[in-house]
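Colleague: Before I ask anything, let me first share the structure, which is written out below as structure tokens.
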Amino acid sequence: MHIPDRTVPRPTRRTVPRPTRRAVPRPTRRAVPRPTRRAAALALAATATAFGLVAGVQSGADAAAQGSLPAGTQFYRDPASQAVKWVAANPGDSRTPVISKRIASQPQGIWFSNYRPTTVTSDVRAVTAAAEQAGQTPVLVAYAIPNRDCGGASAGGAPDLASYDAWVGKFAAGLGSSRSVVILEPDSIALTTCLTAQQQNDRFASLARAVSTIHAASPAAKVYLDGGHSTWNSAAEQANRLRGAGVLNADGFFTNVSNFNTTAGESAFAHNVLAALGNPGNLHAVIDTSRNGNGPAGSTWCDPSGRAIGNYPTASTGDGAVDAFLWVKPPGEADGCAAAAGTFVPDIAYQLAVNAADPSGPSPSSQPPTSQPPTSQPPSGGASCSVAYRANSWSGGFTADITVKNTGTATISGWTLGWTFPGDQKVTSAWNATVTQSGTAVTATDLGYNGTLAAGASTAFGLQATYGSGNTAPSAFTLNGAACTTA
């Protein structure tokens, strides 16, 4: 998943990356023993909850009339998102106009993925207060469940379920009284292969408590549980798991987070899950459409090329069972292959944007930037660095050896180096880094094994390129968005 985080990670980054998991079609998974809660869930379905949510079995028409988000809901655009900050910092970049118009202008999920119980209330409140003032509805992603991502690239979360329950209480305390959308723990229900039957039961019980805690603290909050996606668990299997996690007391479930499945396919899957649940009137689905404009790239789930942003965020879906199309996974934030999970990569954002149509949604917000951290956790420690660039040229071509040094006091976990060629140099290959080029702008990212730089440490990579009229070395470099000195 991506491990982004407001206080910091996408999982999840919204994505972060997970093998055969949510970022793409996953292989068939063996059914995990599920809690024996069907009788209790059906009993709940016959009564109204304490929060006025109707849990009875009703017709599709009745379901469309109850509990859904108003069609005119305006979702909150975070003025401190990574995309917004990159656009502001790169006004002369050739990619900026497209990224600004088609991605940075749009509301996206704001992730809370670091387990920080002492600050999570104030972190959440900073978002909800700003959204309330703007008359908009924020989309907040709670991502701190223990055994998160089954130990994959987005591993982490609270140390145990008791700690998680307490964290959820503090998260909920920051929601306030205005409407919000809570995407509760991506992958927590669809991905349980690392859990025993008892651990799964315990997790589902904790998720059910989380739904009640959030609704008690903020009755206007809309809470959606993990519905996986259409090429993962079957609709019947996912419905059974959702029952065990208390979905009948929630507002519905989400699908396709950080994945690429088409909106039509996910909508059909959502209808099938709702049918397997008995079409309770209070339940609806929301679909992550942030990267599904061109559908999936076969079985490639980690930063596949050729993708496009999908439906722009809206509560006007034309489908009574689907409350909203949302950008839960912020477009442009890596899954973990092109860069560390949750890192904003402008080339990824540009390709997603340029492959899509112009947005029909709102224009960029006029709200001033805030001092809040970015939506997703960027690679840390980029505040102090030096770069040595050494080229070996011949007629029409050259190689360059580039050494990056962390001259700060904090460890850098994942790095992205950027520069602009002053001439017509064109990169043809690279080693020890992933190097991409758009116009004269070049971005190099670590390969994972060389992504951690302790204070004083350095790493080197190289590239080969061609040139025509001249091969002047670049004069300025940025590491994780911060300017470096040249050595």
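The values are calculated or read from the model by the stated rules, or taken from the named source; none is laboratory data. Because the structure is predicted, anything quoted here is derived from the model rather than measured. Every residue, glycine as well, gets a Cβ built from its backbone with ideal geometry; the counts of neighbours run over all protein chains shown.
Colleague: So which residues in region 448-479 are crowded, with 16+ Cβ neighbours inside 10 Å and over 16 Å from Tyr389 (Cβ atoms), if there are any at all?
Modeller: Answer for region 448-479, where residues must be crowded, with 16+ Cβ neighbours inside 10 Å and over 16 Å from Tyr389 (Cβ atoms): Gly451, Thr452, Leu453.
Colleague: Please count how many residues of region 138-155 are crowded, with 24+ Cβ neighbours inside 10 Å and more than 15 Å from the chain's Cα centre (by Cα).
Modeller: Of the residues in that region, 1 qualify.
Colleague: Still on this structure, I have one more. Go through (1) over 18 Å from Ala245 (Cβ atoms); (2) crowded, with 16+ Cβ neighbours inside 10 Å; (3) of a type in the set (Gly, Ala, Ser) and name the single condition Ser188 misses.
Modeller: Failed condition: (1).
Colleague: Within region 75-125, can you find the residues that are over 19 Å from Gln437 (Cα atoms) and either charged (D, E, K, R) or outside the structural domain of Asp347 (by TED's automatic domain parsing) (or both)?
Modeller: Arg77, Asp78, Lys85, Lys101, Arg102, Arg116, Asp123, Arg125
Colleague: For Leu248, indicate whether it is among the hydrophobic types (A, V, I, L, M, F, W, C) and touching a strand residue (DSSP E or B) at 6+ places or on another chain (Cβ under 8 Å).
Modeller: For Leu248, the condition - among the hydrophobic types (A, V, I, L, M, F, W, C) and touching a strand residue (DSSP E or B) at 6+ places or on another chain (Cβ under 8 Å) - is met.
Colleague: Exactly one condition in (1) closer than 21 Å to Val139 by Cβ; (2) buried (at least 16 other Cβ atoms within 10 Å of the Cβ); (3) out of contact with any Phe, Trp or Tyr (no Cβ under 9 Å at 6 or more places or on another chain) is false for Ala220; which is it?
Modeller: Single failed check for Ala220: (2).
Colleague: Check Ser212, Ser178, Ser206 and return the single one that is in a loop (DSSP other than H, G, I, E, B), closer than 27 Å to Asn282 by Cα and at pLDDT 95 or above.
Modeller: Exactly one of Ser212, Ser178, Ser206 is in a loop (DSSP other than H, G, I, E, B), closer than 27 Å to Asn282 by Cα and at pLDDT 95 or above, namely Ser178.
Colleague: Quickly run through region 324-369 and pick out the residues that are in a loop (DSSP other than H, G, I, E, B), under 11 Å from the mean Cα position of the chain (by Cα) and either modelled with pLDDT of 90 or more or of a type in the set (Lys, Arg) (or both).
Modeller: Listed by number, the residues that qualify are Trp327, Val328, Lys329, Pro330, Pro331, Gly332, Ala334, Thr343.
Colleague: Of these, Asn249, Asn261, which one is crowded, with 23+ Cβ neighbours inside 10 Å, in contact with a Phe, Trp or Tyr (Cβ under 9 Å, 6 or more places away or on another chain) and over 18 Å from Gly318 (Cα atoms)?
Modeller: Going through Asn249, Asn261 in turn, the sole match is Asn261.
Colleague: Moving on. Consider only pairs whose beta carbons are under 6 Å apart and that are at least six residues apart or on different chains; among these, list those whose first residue lies in region 318-331 and is in the same structural domain as Val139 (by TED's automatic domain parsing) and small (Gly, Ala, Ser) and whose second residue is assigned to a strand (DSSP E or B) and buried (at least 24 other Cβ atoms within 10 Å of the Cβ).
Modeller: Ala321/His284; Ala324/Val286
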